[in-house]
Amino acid sequence: MKTGTRTPLPDFKRKTKGFWKTGELLECTKITAENTNVNSYSFKDPGGKGFQFKPGQHISIRLPLERGDEYRTFTICSTPTRSDEITITVKTNRPNGATAWMHDNIKIGSKYSAAGPIGLFNLVDYPCEKLLLISAGSGITPMMSMVRWLSDRLDDIDVTFIHYAKNSSEYLFSDELSNIAGRYSALKYHQISTHKEDGKIYGLPSQEQISSLINIEDHQVFCCGPSGFMDVIKDILIKNGLNLDHYHQESFGSNVLEISSPMVDKNAKTVTIKFKDTVFVAKRGETLLSALKKNKIVVPTGCQSGMCGTCQMKLINGTVDMNQRGGLSDQQVEAGIILACCSTLTGNVSI
């Protein structure tokens, strides 16, 4: 990757450098209404240390919901070149859900504990000369972090950004993207309406449509959006000749699985879990996350399917059967890091 001259890249020599510790605070400094049901929330570090993260990574914020404290995971939408604050952009979904609670309750000065940043889906770890960012709906958030980062650094690479929304009224960051493209000539961006003829190019993604916009054979590709959308895009890009080693897909935004253990035998033997200073009994064969939740231990979670890496924990002693490790690197697995959501208890553990 050719680096521009304006803003240096933060030092990421140590994978964990700059990570928050679970329980440290974020303080809300700004709330911006992007449209009728999307807000951006900016936060500062009350301790004044600022933030280090990689563009595309996400954090989990602990929210005091009416049913009890729960973590929710959000991509950082801002750029690490402006380390004094972080911003998340959140769409309000279900009327009684966590995002609706955020819309009604987060105020300037509100403080919340957070964990992160985390995520293998990030631009720093995949340097390239040609880049395709492709997203739909709220999947735009990691792409904006990447675009903002690249434009601040004036990176001399070929960047194409394609974003889909149902219609032009749901486009986000249009003015900002236009301004960025005006000063950062490496960027070409396309906003496409899938359900309304809102421009020269419109309609659901197709092989012909994407081929008309870009030849992707030599590109690194980052894709984020609903799971069905990502499946379609991946299939199109493969047919267009993309090397799968160059394809990266965000996963924490996929459909959330219920925390349940259908394979657990009610008569199965029990195991002992030690978590910090707490010791409790759980059923052999259930997931670690399920056992922790039953014992009122709040754990940061995202996809709950073993892909995002949000619920990672250090296994000090004992054994688990981890059936998915998509959110972990090889180095993390070797270091004994496990994912609580997909780690089945096979014996006594200390975490």
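Read-outs: derived from the displayed coordinates by stated rules, not from any lab. Computed from a prediction, not measured in an experiment: that's the story for all the values here. Positions of Cβ are generated from backbone atoms using ideal geometry, with glycine treated the same way; all protein chains shown enter the neighbour counts.
The stretch between residue 298 and residue 231, if pulled fully straight at 0.36 nm per residue, gains 20.9 nm over its current Cα-Cα span. Here the contact order of the chain, divided by its residue count and restricted to Cα pairs under 8 Å and six or more residues apart, works out to 15 percent. Applying 1/(1 + (r/R0)^6) with r as the Cβ-Cβ distance of residue 238 and residue 93 and R0 = 30 angstrom yields a FRET efficiency of 0.45.
Taking 99, 141, 310 as the candidate residues, the one with maximal mean-square fluctuation in a Gaussian network model of the chain, Cα springs under 10 Å, is 99. Legend: calculated FRET efficiency, residue 66 to residue 217, from the Cβ-Cβ distance at R0 = 41 Å, rounded to 0.05, equals 0.20. Net charge dipole, segment 130-249: roughly 140 debye, given to the nearest 20, about the Cα centre with Cβ charges of +1 for Lys and Arg and -1 for Asp and Glu. Packing order of peptides 338-346, 90-98, highest average first: 338-346, 90-98 (average count of other Cβ atoms within 10 Å over each peptide's residues).
Take the Cα atoms of the chain, build their convex hull, and give its volume per residue in Å³. Provide the component values of the computation, followed by the final result.
Working: hull volume 51.4 nm³, N = 351.
Taking only Cα atoms, the chain has a hull volume of 146 Å³ per residue.
The Kirkwood radius of segment 20-118, taken over pairs of alpha-carbon atoms, gives through the Stokes-Einstein law at 4 °C and 1.567 mPa s a diffusion coefficient of 96 µm² s⁻¹. Computed from phi, the 3J(HN,Hα) profile of segment 86-100 under the Karplus parametrisation 6.51, -1.76, 1.60 (θ = phi - 60°) reads 10, 10, 10, 10, 10, 8, 6, 9, 5, x, 9, x, 5, 5, 5 Hz, with x in place of Gly and Pro. If only the Cβ of Lys and Arg carry +1 and only the Cβ of Asp and Glu carry -1, the dipole of the chain around its Cα centre is close to 1180 debye.
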